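Visitor: I have a structure here, written as C-alpha cells, and I will follow up with some questions on it.
The values are calculated or read from the model by the stated rules, or taken from the named source; none is laboratory data. Values in this document were obtained by computation on a predicted structure and should not be read as measured data. With ideal geometry, Cβ positions are generated from the backbone for all residues, glycine too; neighbour counts draw on all protein chains shown.
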Amino acid sequence: MALKITVIGTGYLGATHAAAMAELGYEVLGLDIVPEKIEMLQRGEVPMYEPGLEELLRKHVAGIEGSTGRLRFTMDWAEVAEFGDVHFMCTNTPQKHGEYACDMSYVDRAFELLAPHLTRPALVVGKSTVPVGSADRLAAYLAAHAPVGEDAELAWNPEFLREGFAVQDTLHPDRIVVGVRSERAEKLLREVYATPVAAGSPFVVTDFPTAELVKTAANSFLATKISFINAMAEVCEAADGDVVKLAEAIGHDERIGKKFLRAGIGFGGGCLPKDIRAFMARAGELGADQALTFLREIDSINMRRRGQMVEMTREALGGGSFLGKRVAVLGATFKPDSDDVRDSPALNVAGQIHLQGGQVTVYDPKGMPNALRLFPTLGYADTAVEAVRGADVVLHLTEWREFRELDPATLGEAVRARVVLDGRNALDPALWRKAGWTFRAMGRPTA
C-alpha cells in the first residue's frame, strides 16, 4: 500500500515540501494552525514568492480544476495522525529575542499537539534546523506521550533549500541526509525518497546528532566563505587591489571553487545569520564554545560590511551629512529570486542612511510589500527608473537580473548625478563608465 504523508507547518519549507511530495506521487495532507494560510494554500496560492512553487501547488491541490487532487490541507491534528504513515515536521525555529539561541517553542508545541493522537505506528521526521541534541529529547517525548509508545518513531532529515531554487532542491536534492535509529525508519525514508535516489541523489544515513549538525555546519562553512572574500575586499581597499580578479584567480583552485566568492555587502536572510548564532550558542552549552569562536568574527565581518557601504555612500556624496541628499537603492530582498527581506543587508543600509537624514527611495522586483511593512518610512518606487529620478547616488544592493540588464544611459537621463555604487560586484564597470557614470564597488580600483 502506498505511503501517506503529512506535512506539519506550511510556511516556506512546509508548503514546498508538501507540493514536492505530491509531485513525487504521494497522497499528502498539510497542517497549519493559521486559518488564513490554509485558505490561501487551498486556493493554490502561496504566501511568499518562490519561483515555480505556486504552479506546483495548483497542479496537485484538491478542488482546483485539472489538479491531481493529491494534496489537501487541514487544521485537525486527529485527522493528520489518522491519515499519515510519515509525518514531516516543518515548523519554524527563529532566533530568540535578545539572544543568539534558537527558539524551539514552535517545534515543541507541534510535538505536544501531535503525540496524543498517534494511535498506530508512524514515523515522525524532523526537517527544521534545530540545536544538536533536540532529536534525542523529542524522540523520548514521542515515546512517552504517544498512545502507540515506541512505535511512534523519530528520524531527522534536515532541509537544504536555497530560496529561489526551493522546488528544484526538493525534487532533485544534491544530498538526502537521514538521522535514524532503526532499519524500519531508514527503509521508510528510502521509500519516500526513492525517485530522487534513483535519479542519483546521494542518500546519507547518520545518527541523530550528525544529522542535526549537517545543516548548521554547511551554513557555517558558506558564511565563512562569504566573509572570507569580504575580508579580502577590505584588504584590497587598503592595498588598491581588485577583489573580483582575486576571487577569479583563487576560484580556479578546485579545492576552493568559485561559488560564494563574490565580495559585497554580505549575507542576510532567515537562515545563515540565525543558524551560525544558534550554533555558537549551542556549542557554548555543550562546553565546546572555543571550537566556534571563529564564527563570531565571521558574523562581525558580515555586519561590518553594511556600515562600510553607508560610509562609501557618504564619501560618494562629498563626505559630509546625508541631509538633503537623494539616495536610490536598487534591491530590498536579501538575495534575488525571493521576496524575503529578513535581515536584508540592502534594507539595513537603506535604513541607516534614512536614519542619518538621507532621502532614500527603494525599488525591488518582488520584495516591496514586505519591505514596506518592515520599513514603512522609506520611500518606494514602482520601477528602477522612478527610484533613481533626481538621485545624487544610486546603490545596487541586491543582484537581481533586472538590475544587471538595466541600460546605464537610460538611467543616466533620470538621475541628478551619475554615481553608482555596486554593493554586490555584479554590474559591468566598463559599461557604466562608458555611459558617463562614476562607478565604485567594494574592494575594486576606482579607475
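Visitor: Does any residue of the stretch 280-289 turn out to be assigned to a helix (DSSP H, G or I), out of contact with any helix residue (DSSP H, G or I) (no Cβ under 6 Å at 6 or more places or on another chain), acidic (Asp, Glu) and closer than 19 Å to residue 235 by Cα?
Guide: There is no residue in the stretch 280-289 that is assigned to a helix (DSSP H, G or I), out of contact with any helix residue (DSSP H, G or I) (no Cβ under 6 Å at 6 or more places or on another chain), acidic (Asp, Glu) and closer than 19 Å to residue 235 by Cα.
Visitor: Collect the residues in the stretch 34-46 that are out of contact with any Leu (no Cβ under 8 Å at 6 or more places or on another chain), of a type outside the set (D, E, K, R) and in contact (Cβ under 8 Å) with a residue 24 or more places away in the chain, keeping them in residue-number order.
Guide: Those that are out of contact with any Leu (no Cβ under 8 Å at 6 or more places or on another chain), of a type outside the set (D, E, K, R) and in contact (Cβ under 8 Å) with a residue 24 or more places away in the chain: 35, 38, 42.
Visitor: Please go through the stretch 132-170 and give me each residue that is polar (S, T, N, Q) and either outside the structural domain of residue 112 (by TED's automatic domain parsing) or surrounded by 17 or more Cβ atoms within 10 Å (Cβ to Cβ) (or both), ordered by number.
Guide: 134, 157, 170
Visitor: Restricting attention to the stretch 199-217, and to residues there that are of a type in the set (Ser, Thr, Tyr) and assigned to a helix (DSSP H, G or I), which single residue is surrounded by the fewest Cβ atoms within 10 Å (Cβ to Cβ)?
Guide: 210
Visitor: Filter the stretch 158-170 down to the residues that are of a type in the set (A, V, I, L, M, F, W, C) and in a loop (DSSP other than H, G, I, E, B), then identify the one that is nearest to residue 219 (Cα to Cα).
Guide: Once the filter is applied, the top-ranked residue is 160.
Visitor: Shifting gears a bit: Mind listing whichever residues of the stretch 259-284 are without any contact (Cβ under 8 Å) to a residue 40 or more places away in the chain and not hydrophobic (A, V, I, L, M, F, W, C)?
Guide: Correct list: 259, 284.
Visitor: I would also like to ask the following. Scan the stretch 261-282 and give yes if some residue there is touching a strand residue (DSSP E or B) at 6+ places or on another chain (Cβ under 9 Å), surrounded by fewer than 21 Cβ atoms within 10 Å (Cβ to Cβ) and outside the structural domain of residue 166 (by TED's automatic domain parsing), otherwise no.
Guide: yes
Visitor: Filter the stretch 93-107 down to the residues that are surrounded by 17 or more Cβ atoms within 10 Å (Cβ to Cβ) and polar (S, T, N, Q), then identify the one that is farthest from residue 186 (Cα to Cα).
Guide: Applying the filter and picking the extreme gives 95.
Visitor: In the stretch 21-68, how many are in a helix (DSSP H, G or I) and aliphatic (A, V, I, L, M)?
Guide: Going through the stretch 21-68 one residue at a time, the tally reaches 8.
Visitor: Going through 196, 173 one at a time, which residue ends up being of a type outside the set (A, V, I, L, M), in a loop (DSSP other than H, G, I, E, B) and either within 28 Å of residue 133 (Cβ to Cβ) or in the same structural domain as residue 57 (by TED's automatic domain parsing) (or both)?
Guide: Step by step, each of 196, 173 is checked, and only 173 is of a type outside the set (A, V, I, L, M), in a loop (DSSP other than H, G, I, E, B) and either within 28 Å of residue 133 (Cβ to Cβ) or in the same structural domain as residue 57 (by TED's automatic domain parsing) (or both).
Visitor: Taking only the stretch 120-135 into account, find how many residues are assigned to a loop (DSSP other than H, G, I, E, B) and under 18 Å from residue 284 (Cβ atoms).
Guide: Restricting attention to the stretch 120-135, the residues satisfying the condition of being assigned to a loop (DSSP other than H, G, I, E, B) are 120-121, 127-133.
Among the residues that remain, those that are also under 18 Å from residue 284 (Cβ atoms) are: 129-133.
The number of residues fulfilling the criteria is 5.
Visitor: Tell me the helices (runs of 4 or more DSSP H) entirely within the stretch 338-447 that contain at least 3 residues that are within 30 Å of residue 235 (Cα to Cα).
Guide: On the way: elements: 345-355, 368-374, 384-388, 401-404, 408-414, 429-434.
In the stretch 338-447, 345-355, 401-404, 429-434 are the helices (runs of 4 or more DSSP H) which contain 3 or more residues that are within 30 Å of residue 235 (Cα to Cα).
Visitor: Only one of 379, 357, 351, 331 is without any contact (Cβ under 8 Å) to a residue 40 or more places away in the chain, in contact with a Ser or Thr (Cβ under 9 Å, 6 or more places away or on another chain) and closer than 20 Å to residue 303 by Cα; which? Spell out how you get there, then give the answer.
Guide: Details: 379 fails: closer than 20 Å to residue 303 by Cα; 357 fails: closer than 20 Å to residue 303 by Cα; 331 fails: without any contact (Cβ under 8 Å) to a residue 40 or more places away in the chain.
Step by step, each of 379, 357, 351, 331 is checked, and only 351 is without any contact (Cβ under 8 Å) to a residue 40 or more places away in the chain, in contact with a Ser or Thr (Cβ under 9 Å, 6 or more places away or on another chain) and closer than 20 Å to residue 303 by Cα.
A quick yes/no check of all residues on (1) crowded, with 23+ Cβ neighbours inside 10 Å; (2) small (Gly, Ala, Ser); (3) within 21 Å of residue 160 (Cα to Cα); (4) in contact with a strand residue (DSSP E or B) (Cβ under 6 Å, 6 or more places away or on another chain):
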{"residue": "10", "(1), (2), (3), (4)": "yes, no, yes, yes"}
{"residue": "13", "(1), (2), (3), (4)": "no, no, yes, no"}
{"residue": "18", "(1), (2), (3), (4)": "yes, yes, yes, yes"}
{"residue": "34", "(1), (2), (3), (4)": "no, no, no, no"}
{"residue": "39", "(1), (2), (3), (4)": "no, no, no, no"}
{"residue": "43", "(1), (2), (3), (4)": "no, no, no, no"}
{"residue": "46", "(1), (2), (3), (4)": "no, no, yes, no"}
{"residue": "63", "(1), (2), (3), (4)": "no, yes, no, no"}
